[in-house]
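What follows is one structure encoded as structure tokens, with my remarks underneath.
The values are calculated or read from the model by the stated rules, or taken from the named source; none is laboratory data. Quick caveat, the model's predicted, so the values are computed rather than measured. We place every Cβ from the backbone using ideal geometry, glycine too, and count neighbours over all the protein chains shown. Protein only, heavy atoms only, side chains kept; ligands, DNA and RNA dropped before computing areas. Shrake-Rupley method; radii C 1.70, N 1.55, O 1.52, S 1.80 Å.
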Amino acid sequence: MAKNLKLKSARAAMDLSQKDLAEAVGVTRQTVNAIELGDYNPTIKLCTAICKTLGKTLNDLFWEDDINAN
């Protein structure tokens, strides 16, 4: 799984720390960190909560730009 740089940049653009985002969506900071590092595949429920918090769509944050990306 690739790093999720789109999530990291969207979070940073809203001036939110990993802890801030984690608290907003009801997970630990470590979970947000693992998602950004590509070490954890979040549930669709968590993905949508993150998107709502950051004002983004699933495509914006979680869809691979390149279908062949690993």
Given contacts defined as C-alpha pairs under 8 Å and at least six residues apart, what's the relative contact order of the chain, whole-number percent? 38 percent
Project the alpha carbons of the chain onto their principal axes and report the range along each, largest first, in whole Å. 33, 22, 21
I want to check a number: in region 5-62, how many lysine pairs have alpha carbons closer than 17 Å, given a sequence separation of 8 or more or different chains? 7
ALA12 paired with THR48, simple spin-label distance in nm, labels 7 Å along Cα-to-beta-carbon: 3.0 nm
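Starting from the residue with the highest accessible area, list THR53, THR43 in decreasing order, probe 1.4 Å. Could the numbers behind the result be given before it?
Details: THR53 45, THR43 75 Å².
Ranked list, largest accessible area first: THR43, THR53.
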